1. Report residue 365's accessible area, 1.4 Å probe, all protein chains in place, as a number in Å² to the nearest 10.
2. Residue 465 accessible area, nearest 10 Å², 1.4 Å probe?
3. Using a 1.4 angstrom probe and counting only protein chains, how large is the accessible area of residue 425 in Å², to 10?
4. When only DSSP loop residues count, what trypsin sites (Lys or Arg not before Pro) in the stretch 213-293 have their Cβ near at most 10 other Cβ atoms within 10 Å?
5. Which value, in nm² and rounded to one decimal, describes the direction-averaged projected area of the C-alpha convex hull of the stretch 453-541?
6. Mind checking the full-extension length gain between residue 222 and residue 363? Use 0.36 nm per residue of separation minus the Cα-Cα distance, one decimal, nm.
7. At each listed q (0.05, 0.06, 0.12 Å⁻¹), what is the log10 of I(q)/I(0) that the Debye formula gives for the chain modelled as equal alpha-carbon point scatterers?
8. Sorting 179, 106, 294 by accessible area (1.4 Å probe), largest first, what list results?
Amino acid sequence: MCFQLGVGECWVRRFASVSRFLGVAMLLFAMAGGSVLADEGKVVRFSLAADPANLNPLFIHMDADGGEAQLARLGFEPFVDIDEHGHEIPVLLAQIPTRANGGLSTDGRTIIYRLRPEVRWSDGVPVTASDVLFTLRAIRDTRNPVASREGYELIDDARALNARTIRVHLRRPWAPAVTTLFSDGVTPQYVLPEHILGHESSLEHSAFNAVPSVGDGPFVFDSWQRGRRLVYRSNPRYWRGAPSIERVEIPVVPNPGTNLTLLETGDMDFNLIAPIQRAALQGHSEIAFVNVPTTTMTGIAFNTRRPPLNDPRVRRAIAASVDRQGISAKITLGVYPVAESDRPRFSWAYDPSVRQPEYNPRVADADFEAAGWRRGSDGIRRKNGQALELTYLQFPESTTGVRVANVVQEQLRSHGVTVTVKSVSNAQLFLPAAEGGLLASGRFDLAYIPWRMGVDPDDRFLLSCENGSGNYMRYCDPVVNRLETEASQDSDPTIRRTLYRRIDSIVARDVPVLWLFEANYVYAYRATLGGFAPNALVPTWNAYAWHTVRAMPR
(Lines give C-alpha, C1' and ligand atoms only; values in the text may rest on other atoms or scores of the structure.)
Protein backbone atom coordinates (compact mmCIF):
# COMPACT_ATOMS: atom_id res chain seq x y z
CA MET A 1 0.00 0.00 0.00
CA CYS A 2 1.21 3.47 -0.79
CA PHE A 3 0.88 5.66 2.30
CA GLN A 4 0.29 9.32 1.95
CA LEU A 5 0.59 12.64 3.60
CA GLY A 6 4.00 12.00 4.48
CA VAL A 7 3.06 8.54 4.46
CA GLY A 8 3.50 8.18 0.72
CA GLU A 9 0.46 9.46 -1.20
CA CYS A 10 -0.65 8.46 -4.61
CA TRP A 11 -1.47 10.54 -7.66
CA VAL A 12 -4.63 9.97 -9.65
CA ARG A 13 -3.42 9.79 -13.22
CA ARG A 14 -4.66 7.69 -16.04
CA PHE A 15 -2.06 6.07 -18.23
CA ALA A 16 -2.62 7.74 -21.58
CA SER A 17 0.47 6.51 -23.37
CA VAL A 18 1.21 3.03 -24.69
CA SER A 19 4.41 2.92 -22.67
CA ARG A 20 2.53 3.50 -19.44
CA PHE A 21 -0.04 0.88 -20.35
CA LEU A 22 2.73 -1.61 -21.02
CA GLY A 23 4.33 -0.69 -17.70
CA VAL A 24 1.18 -1.65 -15.84
CA ALA A 25 0.85 -4.83 -17.88
CA MET A 26 4.42 -5.82 -17.03
CA LEU A 27 3.74 -5.12 -13.36
CA LEU A 28 0.66 -7.33 -13.43
CA PHE A 29 2.78 -10.09 -14.95
CA ALA A 30 5.36 -9.63 -12.19
CA MET A 31 2.63 -9.63 -9.53
CA ALA A 32 1.44 -12.95 -10.87
CA GLY A 33 4.95 -14.35 -10.66
CA GLY A 34 5.02 -14.68 -14.44
CA SER A 35 1.87 -16.83 -14.51
CA VAL A 36 -1.87 -16.39 -14.78
CA LEU A 37 -3.35 -14.47 -11.84
CA ALA A 38 -4.88 -16.62 -9.13
CA ASP A 39 -8.56 -16.83 -8.23
CA GLU A 40 -9.48 -13.28 -7.16
CA GLY A 41 -11.95 -14.57 -4.58
CA LYS A 42 -9.18 -16.04 -2.44
CA VAL A 43 -6.46 -13.41 -2.87
CA VAL A 44 -6.11 -9.90 -1.43
CA ARG A 45 -3.54 -7.49 -2.83
CA PHE A 46 -2.11 -4.26 -1.50
CA SER A 47 1.24 -2.67 -2.29
CA LEU A 48 4.37 -1.31 -0.66
CA ALA A 49 6.39 1.56 -2.08
CA ALA A 50 9.68 -0.27 -1.45
CA ASP A 51 11.09 -3.51 -0.11
CA PRO A 52 11.05 -3.81 3.69
CA ALA A 53 14.45 -3.69 5.41
CA ASN A 54 13.62 -7.01 7.09
CA LEU A 55 10.62 -9.01 8.24
CA ASN A 56 11.49 -9.65 11.87
CA PRO A 57 8.73 -7.84 13.83
CA LEU A 58 11.29 -7.01 16.50
CA PHE A 59 13.18 -4.75 14.11
CA ILE A 60 10.34 -2.75 12.57
CA HIS A 61 11.41 0.57 11.07
CA MET A 62 8.61 3.06 11.60
CA ASP A 63 9.23 5.08 8.47
CA ALA A 64 6.61 7.13 6.68
CA ASP A 65 5.44 4.24 4.51
CA GLY A 66 4.67 2.02 7.51
CA GLY A 67 5.12 -1.06 5.34
CA GLU A 68 7.00 -3.21 7.83
CA ALA A 69 4.32 -2.63 10.47
CA GLN A 70 1.63 -3.74 8.02
CA LEU A 71 3.51 -6.93 7.19
CA ALA A 72 4.27 -7.69 10.84
CA ARG A 73 0.58 -7.47 11.73
CA LEU A 74 -0.25 -10.08 9.09
CA GLY A 75 2.03 -12.63 10.71
CA PHE A 76 2.14 -11.78 14.41
CA GLU A 77 -0.20 -10.92 17.27
CA PRO A 78 0.25 -8.13 19.83
CA PHE A 79 -0.70 -8.41 23.49
CA VAL A 80 -3.19 -5.55 23.03
CA ASP A 81 -4.55 -3.86 19.91
CA ILE A 82 -7.23 -1.29 19.11
CA ASP A 83 -10.24 -1.87 16.91
CA GLU A 84 -11.52 0.36 14.13
CA HIS A 85 -13.25 2.56 16.74
CA GLY A 86 -10.08 3.09 18.79
CA HIS A 87 -11.16 0.77 21.63
CA GLU A 88 -8.44 -1.31 23.26
CA ILE A 89 -8.91 -5.05 22.85
CA PRO A 90 -6.88 -8.03 24.13
CA VAL A 91 -5.43 -10.17 21.34
CA LEU A 92 -2.63 -12.48 22.48
CA LEU A 93 -3.78 -11.80 26.03
CA ALA A 94 -6.90 -13.33 27.54
CA GLN A 95 -7.63 -9.99 29.21
CA ILE A 96 -6.10 -6.53 29.59
CA PRO A 97 -4.50 -6.25 33.05
CA THR A 98 -6.33 -3.90 35.41
CA ARG A 99 -6.50 -3.40 39.14
CA ALA A 100 -10.04 -4.75 39.11
CA ASN A 101 -9.06 -8.11 37.58
CA GLY A 102 -5.87 -8.42 39.63
CA GLY A 103 -3.57 -7.83 36.68
CA LEU A 104 -2.15 -4.50 37.92
CA SER A 105 -0.83 -3.74 41.39
CA THR A 106 -1.91 -0.67 43.34
CA ASP A 107 1.50 0.99 42.88
CA GLY A 108 1.43 0.27 39.14
CA ARG A 109 4.75 -1.60 39.23
CA THR A 110 3.56 -5.22 38.96
CA ILE A 111 1.68 -6.46 35.90
CA ILE A 112 0.26 -9.94 35.39
CA TYR A 113 -0.09 -10.91 31.73
CA ARG A 114 -2.28 -13.95 31.00
CA LEU A 115 -1.96 -15.48 27.52
CA ARG A 116 -4.85 -16.99 25.63
CA PRO A 117 -4.62 -20.78 26.03
CA GLU A 118 -5.76 -21.49 22.46
CA VAL A 119 -2.99 -19.59 20.60
CA ARG A 120 -0.44 -21.69 18.71
CA TRP A 121 2.41 -20.92 16.38
CA SER A 122 1.72 -21.76 12.75
CA ASP A 123 3.70 -25.01 13.14
CA GLY A 124 1.38 -26.16 15.93
CA VAL A 125 3.60 -25.39 18.94
CA PRO A 126 1.73 -23.50 21.71
CA VAL A 127 2.61 -19.86 22.37
CA THR A 128 3.82 -19.76 25.96
CA ALA A 129 5.33 -17.55 28.62
CA SER A 130 8.72 -18.90 27.59
CA ASP A 131 8.32 -17.18 24.20
CA VAL A 132 7.51 -13.90 25.92
CA LEU A 133 10.58 -14.07 28.17
CA PHE A 134 12.78 -15.04 25.21
CA THR A 135 11.51 -12.02 23.28
CA LEU A 136 12.11 -9.76 26.25
CA ARG A 137 15.74 -10.90 26.39
CA ALA A 138 16.08 -10.21 22.67
CA ILE A 139 14.63 -6.71 23.00
CA ARG A 140 16.97 -5.88 25.85
CA ASP A 141 20.04 -7.33 24.11
CA THR A 142 21.95 -4.28 22.85
CA ARG A 143 23.40 -6.34 19.99
CA ASN A 144 19.98 -6.31 18.38
CA PRO A 145 19.04 -3.23 16.28
CA VAL A 146 15.71 -2.72 18.04
CA ALA A 147 14.09 0.58 17.05
CA SER A 148 13.08 1.41 20.62
CA ARG A 149 13.54 -0.17 24.04
CA GLU A 150 11.42 2.41 25.80
CA GLY A 151 9.66 0.84 28.77
CA TYR A 152 11.49 -2.45 28.53
CA GLU A 153 14.51 -0.97 30.32
CA LEU A 154 12.26 -0.38 33.33
CA ILE A 155 11.65 -4.10 33.85
CA ASP A 156 13.74 -5.33 36.75
CA ASP A 157 12.10 -8.73 37.03
CA ALA A 158 10.06 -10.89 34.67
CA ARG A 159 9.18 -14.51 35.27
CA ALA A 160 6.72 -17.18 34.21
CA LEU A 161 4.22 -18.12 36.89
CA ASN A 162 3.06 -20.95 34.65
CA ALA A 163 3.03 -21.74 30.94
CA ARG A 164 0.44 -19.03 30.22
CA THR A 165 1.14 -16.39 32.86
CA ILE A 166 3.95 -13.82 33.08
CA ARG A 167 4.60 -11.49 35.98
CA VAL A 168 6.48 -8.31 35.12
CA HIS A 169 7.86 -5.95 37.77
CA LEU A 170 8.99 -2.40 36.97
CA ARG A 171 11.68 -0.39 38.73
CA ARG A 172 9.24 2.49 38.78
CA PRO A 173 5.67 2.96 37.61
CA TRP A 174 5.18 3.46 33.87
CA ALA A 175 1.55 4.08 33.02
CA PRO A 176 1.71 3.04 29.34
CA ALA A 177 3.23 -0.37 30.17
CA VAL A 178 -0.03 -2.33 30.35
CA THR A 179 -1.06 -1.64 26.76
CA THR A 180 2.36 -0.89 25.23
CA LEU A 181 4.70 -3.77 26.07
CA PHE A 182 4.60 -6.40 23.31
CA SER A 183 1.94 -4.38 21.54
CA ASP A 184 1.32 -2.10 18.59
CA GLY A 185 2.35 1.25 20.05
CA VAL A 186 4.62 3.93 18.59
CA THR A 187 7.15 1.21 17.81
CA PRO A 188 5.44 -2.20 17.63
CA GLN A 189 7.05 -5.20 19.34
CA TYR A 190 5.61 -8.69 18.98
CA VAL A 191 6.39 -12.01 20.65
CA LEU A 192 8.80 -14.30 18.76
CA PRO A 193 8.91 -18.14 18.65
CA GLU A 194 11.70 -19.31 20.94
CA HIS A 195 11.66 -22.86 19.58
CA ILE A 196 12.50 -21.55 16.11
CA LEU A 197 15.09 -18.97 17.04
CA GLY A 198 16.86 -21.01 19.70
CA HIS A 199 18.06 -19.75 23.05
CA GLU A 200 20.38 -17.01 21.79
CA SER A 201 18.91 -13.54 22.15
CA SER A 202 21.19 -11.91 19.54
CA LEU A 203 19.17 -11.99 16.34
CA GLU A 204 20.88 -9.29 14.28
CA HIS A 205 22.01 -11.74 11.61
CA SER A 206 19.25 -14.31 11.95
CA ALA A 207 17.73 -15.81 8.80
CA PHE A 208 14.38 -15.14 10.48
CA ASN A 209 14.83 -11.45 9.61
CA ALA A 210 14.22 -12.25 5.94
CA VAL A 211 12.26 -15.48 6.26
CA PRO A 212 9.93 -15.42 9.30
CA SER A 213 8.84 -18.99 8.68
CA VAL A 214 6.64 -19.30 11.78
CA GLY A 215 4.19 -16.80 13.25
CA ASP A 216 1.03 -16.66 15.34
CA GLY A 217 -0.96 -14.25 13.16
CA PRO A 218 -3.68 -14.94 10.60
CA PHE A 219 -1.20 -15.30 7.76
CA VAL A 220 2.19 -16.97 7.39
CA PHE A 221 5.10 -15.73 5.33
CA ASP A 222 5.39 -17.63 2.06
CA SER A 223 7.89 -15.93 -0.26
CA TRP A 224 9.75 -12.72 -1.03
CA GLN A 225 10.93 -11.80 -4.52
CA ARG A 226 13.00 -8.77 -3.66
CA GLY A 227 12.00 -5.68 -5.53
CA ARG A 228 8.88 -7.42 -6.87
CA ARG A 229 6.49 -8.83 -4.30
CA LEU A 230 5.89 -10.63 -1.01
CA VAL A 231 3.34 -13.38 -0.48
CA TYR A 232 1.63 -14.53 2.72
CA ARG A 233 -0.67 -17.54 2.96
CA SER A 234 -3.53 -18.35 5.30
CA ASN A 235 -2.55 -19.81 8.68
CA PRO A 236 -4.74 -22.92 9.19
CA ARG A 237 -3.85 -22.98 12.90
CA TYR A 238 -4.81 -19.38 13.60
CA TRP A 239 -6.58 -19.18 16.97
CA ARG A 240 -9.63 -17.39 15.58
CA GLY A 241 -9.89 -19.93 12.77
CA ALA A 242 -8.25 -20.03 9.37
CA PRO A 243 -8.97 -16.84 7.35
CA SER A 244 -11.24 -17.26 4.34
CA ILE A 245 -8.67 -15.38 2.25
CA GLU A 246 -6.08 -17.96 1.18
CA ARG A 247 -3.30 -15.64 0.14
CA VAL A 248 -2.18 -12.01 0.49
CA GLU A 249 0.05 -10.68 -2.26
CA ILE A 250 2.01 -7.48 -1.70
CA PRO A 251 3.71 -6.19 -4.85
CA VAL A 252 6.39 -3.51 -4.61
CA VAL A 253 5.03 -0.53 -6.55
CA PRO A 254 7.29 2.55 -6.36
CA ASN A 255 5.14 4.61 -8.74
CA PRO A 256 2.16 6.12 -6.88
CA GLY A 257 0.11 6.54 -10.05
CA THR A 258 0.36 2.86 -10.81
CA ASN A 259 -1.33 2.01 -7.50
CA LEU A 260 -4.47 3.91 -8.41
CA THR A 261 -4.58 2.37 -11.85
CA LEU A 262 -4.31 -1.10 -10.35
CA LEU A 263 -7.09 -0.26 -7.90
CA GLU A 264 -9.32 0.95 -10.73
CA THR A 265 -8.70 -2.17 -12.80
CA GLY A 266 -9.37 -4.49 -9.87
CA ASP A 267 -5.78 -5.71 -9.58
CA MET A 268 -5.30 -4.02 -6.20
CA ASP A 269 -7.81 -4.40 -3.38
CA PHE A 270 -7.14 -1.31 -1.29
CA ASN A 271 -5.01 1.79 -1.24
CA LEU A 272 -4.59 4.83 0.96
CA ILE A 273 -5.47 7.90 -1.08
CA ALA A 274 -5.19 11.66 -0.75
CA PRO A 275 -8.50 13.47 -0.12
CA ILE A 276 -8.28 15.19 -3.49
CA GLN A 277 -8.24 11.80 -5.20
CA ARG A 278 -11.59 10.70 -3.85
CA ALA A 279 -13.51 12.81 -6.35
CA ALA A 280 -11.61 11.21 -9.22
CA LEU A 281 -12.57 7.73 -7.98
CA GLN A 282 -16.09 8.57 -6.87
CA GLY A 283 -17.68 7.38 -10.10
CA HIS A 284 -16.34 3.84 -9.81
CA SER A 285 -19.27 1.72 -8.64
CA GLU A 286 -16.96 -1.07 -7.50
CA ILE A 287 -14.81 1.16 -5.29
CA ALA A 288 -15.88 2.03 -1.74
CA PHE A 289 -14.31 4.42 0.77
CA VAL A 290 -13.70 4.52 4.50
CA ASN A 291 -12.41 7.46 6.57
CA VAL A 292 -10.16 6.51 9.48
CA PRO A 293 -9.01 8.86 12.27
CA THR A 294 -5.41 7.92 12.96
CA THR A 295 -2.61 8.56 15.42
CA THR A 296 -0.41 10.01 12.67
CA MET A 297 0.42 13.65 13.35
CA THR A 298 2.27 15.59 10.67
CA GLY A 299 4.37 18.67 11.22
CA ILE A 300 7.46 20.60 10.24
CA ALA A 301 10.34 19.79 12.58
CA PHE A 302 12.76 22.58 13.50
CA ASN A 303 16.36 21.65 14.20
CA THR A 304 16.54 23.53 17.50
CA ARG A 305 20.28 22.95 17.87
CA ARG A 306 21.17 24.73 14.62
CA PRO A 307 21.25 28.54 14.36
CA PRO A 308 19.10 30.48 13.72
CA LEU A 309 16.43 27.94 14.73
CA ASN A 310 17.92 27.66 18.21
CA ASP A 311 16.19 31.01 18.79
CA PRO A 312 12.50 30.40 19.65
CA ARG A 313 11.66 33.87 18.33
CA VAL A 314 12.71 32.75 14.86
CA ARG A 315 10.68 29.56 15.17
CA ARG A 316 7.63 31.57 16.23
CA ALA A 317 8.16 33.98 13.34
CA ILE A 318 8.26 31.07 10.89
CA ALA A 319 5.13 29.59 12.46
CA ALA A 320 3.30 32.90 12.04
CA SER A 321 4.41 32.99 8.39
CA VAL A 322 2.76 29.68 7.47
CA ASP A 323 -0.97 29.56 6.75
CA ARG A 324 -1.79 26.17 8.23
CA GLN A 325 -5.55 26.59 7.86
CA GLY A 326 -5.02 27.35 4.19
CA ILE A 327 -2.82 24.28 3.78
CA SER A 328 -5.47 22.08 5.39
CA ALA A 329 -8.26 23.56 3.29
CA LYS A 330 -6.51 23.68 -0.07
CA ILE A 331 -4.21 20.65 0.04
CA THR A 332 -6.29 18.21 2.10
CA LEU A 333 -9.71 19.71 1.32
CA GLY A 334 -10.19 20.05 5.07
CA VAL A 335 -10.15 16.29 5.62
CA TYR A 336 -6.99 16.58 7.72
CA PRO A 337 -7.79 19.09 10.49
CA VAL A 338 -5.11 21.49 11.67
CA ALA A 339 -3.22 20.15 14.70
CA GLU A 340 -1.97 22.21 17.63
CA SER A 341 -0.14 19.45 19.48
CA ASP A 342 0.78 15.80 19.06
CA ARG A 343 -2.54 14.65 20.56
CA PRO A 344 -5.06 13.13 18.14
CA ARG A 345 -8.54 14.53 18.69
CA PHE A 346 -9.85 11.17 19.91
CA SER A 347 -7.18 10.97 22.64
CA TRP A 348 -8.39 11.48 26.20
CA ALA A 349 -5.38 13.79 26.68
CA TYR A 350 -6.37 16.14 23.85
CA ASP A 351 -6.88 19.75 24.99
CA PRO A 352 -8.60 22.07 22.49
CA SER A 353 -7.37 25.17 24.36
CA VAL A 354 -3.73 24.59 23.31
CA ARG A 355 -2.73 26.84 20.41
CA GLN A 356 0.48 27.32 18.45
CA PRO A 357 1.25 30.75 16.90
CA GLU A 358 -1.47 31.59 14.41
CA TYR A 359 -0.87 32.69 10.85
CA ASN A 360 -0.28 36.44 10.98
CA PRO A 361 2.10 38.07 8.46
CA ARG A 362 2.44 41.28 10.51
CA VAL A 363 3.32 39.38 13.68
CA ALA A 364 5.75 37.21 11.70
CA ASP A 365 7.62 40.24 10.35
CA ALA A 366 7.74 41.83 13.79
CA ASP A 367 9.13 38.61 15.33
CA PHE A 368 11.84 38.35 12.68
CA GLU A 369 12.80 41.97 13.32
CA ALA A 370 12.87 41.44 17.08
CA ALA A 371 15.25 38.51 16.58
CA GLY A 372 17.58 40.77 14.57
CA TRP A 373 16.73 39.49 11.09
CA ARG A 374 16.04 42.58 9.01
CA ARG A 375 15.13 42.89 5.35
CA GLY A 376 17.65 44.31 2.93
CA SER A 377 16.90 46.25 -0.24
CA ASP A 378 16.60 42.92 -2.07
CA GLY A 379 13.92 41.75 0.34
CA ILE A 380 16.14 39.08 1.94
CA ARG A 381 16.53 39.05 5.71
CA ARG A 382 20.05 39.24 7.08
CA LYS A 383 21.74 39.39 10.44
CA ASN A 384 25.37 40.42 10.76
CA GLY A 385 25.64 40.11 6.99
CA GLN A 386 24.34 36.53 6.99
CA ALA A 387 21.27 35.81 4.86
CA LEU A 388 18.44 33.83 6.43
CA GLU A 389 18.64 30.63 4.40
CA LEU A 390 17.14 27.30 5.44
CA THR A 391 17.21 23.73 4.10
CA TYR A 392 13.84 21.96 4.08
CA LEU A 393 13.67 18.15 3.78
CA GLN A 394 10.69 16.37 2.27
CA PHE A 395 10.19 13.02 0.58
CA PRO A 396 8.76 12.64 -2.93
CA GLU A 397 6.55 9.65 -2.06
CA SER A 398 4.07 12.06 -0.51
CA THR A 399 2.18 14.35 -2.87
CA THR A 400 0.77 16.18 0.15
CA GLY A 401 4.31 16.65 1.46
CA VAL A 402 5.51 17.95 -1.90
CA ARG A 403 2.65 20.44 -2.13
CA VAL A 404 3.17 21.58 1.47
CA ALA A 405 6.87 22.18 0.75
CA ASN A 406 6.00 24.42 -2.18
CA VAL A 407 3.53 26.45 -0.12
CA VAL A 408 5.90 26.84 2.85
CA GLN A 409 8.77 27.80 0.53
CA GLU A 410 6.66 30.52 -1.10
CA GLN A 411 5.20 31.87 2.14
CA LEU A 412 8.61 32.11 3.81
CA ARG A 413 10.05 33.74 0.70
CA SER A 414 7.42 36.44 1.03
CA HIS A 415 8.83 37.13 4.50
CA GLY A 416 12.43 37.35 3.32
CA VAL A 417 13.50 33.78 4.11
CA THR A 418 15.20 31.69 1.43
CA VAL A 419 14.19 28.02 1.65
CA THR A 420 15.93 25.30 -0.35
CA VAL A 421 13.76 22.21 -0.60
CA LYS A 422 15.73 18.97 -0.62
CA SER A 423 13.88 15.84 -1.72
CA VAL A 424 15.04 12.65 -0.01
CA SER A 425 13.39 9.26 -0.38
CA ASN A 426 11.31 8.00 2.50
CA ALA A 427 13.61 4.99 2.87
CA GLN A 428 16.70 7.18 3.21
CA LEU A 429 15.25 9.99 5.28
CA PHE A 430 14.49 7.90 8.37
CA LEU A 431 17.65 5.80 8.48
CA PRO A 432 19.76 5.81 11.68
CA ALA A 433 22.58 8.34 11.79
CA ALA A 434 25.19 5.58 11.36
CA GLU A 435 23.55 4.66 8.05
CA GLY A 436 23.44 8.21 6.75
CA GLY A 437 19.95 9.26 7.85
CA LEU A 438 19.65 13.05 7.49
CA LEU A 439 17.09 13.42 10.25
CA ALA A 440 18.91 11.30 12.80
CA SER A 441 22.22 13.03 12.08
CA GLY A 442 20.71 16.52 12.26
CA ARG A 443 21.66 17.59 8.73
CA PHE A 444 18.64 19.79 8.11
CA ASP A 445 16.91 22.97 9.24
CA LEU A 446 13.28 22.13 8.56
CA ALA A 447 11.75 18.74 7.77
CA TYR A 448 8.28 17.51 6.89
CA ILE A 449 7.64 14.52 9.18
CA PRO A 450 4.65 12.32 10.01
CA TRP A 451 4.91 10.95 13.56
CA ARG A 452 3.03 7.83 14.50
CA MET A 453 1.80 8.38 18.05
CA GLY A 454 0.81 5.61 20.39
CA VAL A 455 -2.67 4.96 21.68
CA ASP A 456 -1.42 6.01 25.11
CA PRO A 457 -0.60 9.76 25.17
CA ASP A 458 2.94 9.19 26.46
CA ASP A 459 5.10 11.19 24.03
CA ARG A 460 8.52 11.09 25.63
CA PHE A 461 9.90 9.51 22.45
CA LEU A 462 9.15 12.85 20.80
CA LEU A 463 9.94 15.42 23.50
CA SER A 464 12.35 13.75 25.92
CA CYS A 465 15.82 15.22 26.45
CA GLU A 466 17.21 11.71 26.81
CA ASN A 467 17.62 10.91 23.13
CA GLY A 468 13.97 10.35 22.29
CA SER A 469 13.79 8.15 19.21
CA GLY A 470 11.49 10.61 17.44
CA ASN A 471 13.02 13.83 18.79
CA TYR A 472 14.60 14.86 15.49
CA MET A 473 14.23 18.48 16.66
CA ARG A 474 16.76 17.87 19.45
CA TYR A 475 14.39 19.77 21.68
CA CYS A 476 15.12 19.78 25.39
CA ASP A 477 13.24 21.79 27.97
CA PRO A 478 13.92 20.77 31.61
CA VAL A 479 10.37 21.56 32.74
CA VAL A 480 8.83 19.56 29.91
CA ASN A 481 11.24 16.73 30.64
CA ARG A 482 10.20 16.65 34.30
CA LEU A 483 6.50 16.82 33.50
CA GLU A 484 6.85 14.04 30.94
CA THR A 485 8.42 11.81 33.58
CA GLU A 486 5.65 12.57 36.07
CA ALA A 487 2.94 11.92 33.48
CA SER A 488 4.43 8.61 32.49
CA GLN A 489 4.53 7.37 36.08
CA ASP A 490 1.03 8.25 37.25
CA SER A 491 -1.76 5.87 36.27
CA ASP A 492 -4.54 8.37 37.10
CA PRO A 493 -5.88 9.75 33.76
CA THR A 494 -7.10 12.96 35.44
CA ILE A 495 -3.66 13.80 36.78
CA ARG A 496 -1.99 12.80 33.52
CA ARG A 497 -4.39 14.97 31.51
CA THR A 498 -3.43 18.01 33.61
CA LEU A 499 0.26 17.32 33.16
CA TYR A 500 -0.07 16.91 29.41
CA ARG A 501 -1.98 20.19 29.18
CA ARG A 502 1.00 21.95 30.79
CA ILE A 503 3.42 20.15 28.50
CA ASP A 504 1.48 21.02 25.38
CA SER A 505 1.22 24.69 26.37
CA ILE A 506 5.00 24.98 26.81
CA VAL A 507 5.70 23.16 23.55
CA ALA A 508 3.19 25.35 21.69
CA ARG A 509 5.08 28.38 22.95
CA ASP A 510 8.53 27.01 22.05
CA VAL A 511 7.46 25.57 18.67
CA PRO A 512 10.06 22.81 18.18
CA VAL A 513 7.48 21.42 15.73
CA LEU A 514 5.02 23.42 13.68
CA TRP A 515 2.09 21.01 13.70
CA LEU A 516 0.25 21.01 10.39
CA PHE A 517 -2.52 18.44 10.63
CA GLU A 518 -3.58 15.09 11.95
CA ALA A 519 -4.27 12.46 9.36
CA ASN A 520 -7.80 11.26 8.87
CA TYR A 521 -6.93 8.69 6.27
CA VAL A 522 -9.16 7.93 3.34
CA TYR A 523 -8.89 4.37 2.09
CA ALA A 524 -10.29 3.38 -1.28
CA TYR A 525 -11.02 -0.33 -1.56
CA ARG A 526 -12.74 -2.75 -3.86
CA ALA A 527 -16.33 -3.25 -2.76
CA THR A 528 -15.75 -6.99 -3.09
CA LEU A 529 -13.38 -6.89 -0.10
CA GLY A 530 -15.54 -7.59 2.94
CA GLY A 531 -14.35 -7.00 6.51
CA PHE A 532 -11.96 -4.21 5.55
CA ALA A 533 -11.92 -1.90 8.60
CA PRO A 534 -8.54 -0.19 9.19
CA ASN A 535 -7.74 0.97 12.69
CA ALA A 536 -5.79 4.09 13.67
CA LEU A 537 -2.46 2.29 13.31
CA VAL A 538 -2.48 -0.13 10.36
CA PRO A 539 -5.00 -1.40 7.80
CA THR A 540 -3.94 -5.03 8.33
CA TRP A 541 -4.84 -5.37 12.02
CA ASN A 542 -7.98 -7.41 11.25
CA ALA A 543 -6.81 -9.22 8.13
CA TYR A 544 -8.24 -12.38 9.70
CA ALA A 545 -11.73 -10.97 9.00
CA TRP A 546 -11.19 -10.14 5.32
CA HIS A 547 -13.44 -12.04 2.96
CA THR A 548 -14.90 -11.84 -0.51
CA VAL A 549 -18.36 -10.32 -0.74
CA ARG A 550 -19.00 -11.39 -4.34
CA ALA A 551 -17.03 -12.43 -7.40
CA MET A 552 -14.98 -9.68 -8.98
CA PRO A 553 -16.38 -8.75 -12.40
CA ARG A 554 -13.66 -8.95 -15.03
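1. 50
2. 40
3. Around 40 Å² of this residue is reachable by solvent.
4. 226
5. Orientation-averaged projected area of the Cα hull: 7.6 nm².
6. In short, 44.9 nm is gained.
7. Result of the Debye calculation: -0.21, -0.30, -1.19.
8. 106, 179, 294
The values are calculated or read from the model by the stated rules, or taken from the named source; none is laboratory data. Every value quoted in this text rests on a predicted model; they were computed, and no experiment measured them. Because the Cβ atoms are built from the backbone with ideal geometry, glycine has one as well, and the counts that use them run over all protein chains shown. For the accessible areas, the whole protein counts, side chains as well, though only heavy atoms, and no ligand, DNA or RNA atoms are used. Shrake-Rupley method; radii C 1.70, N 1.55, O 1.52, S 1.80 Å.
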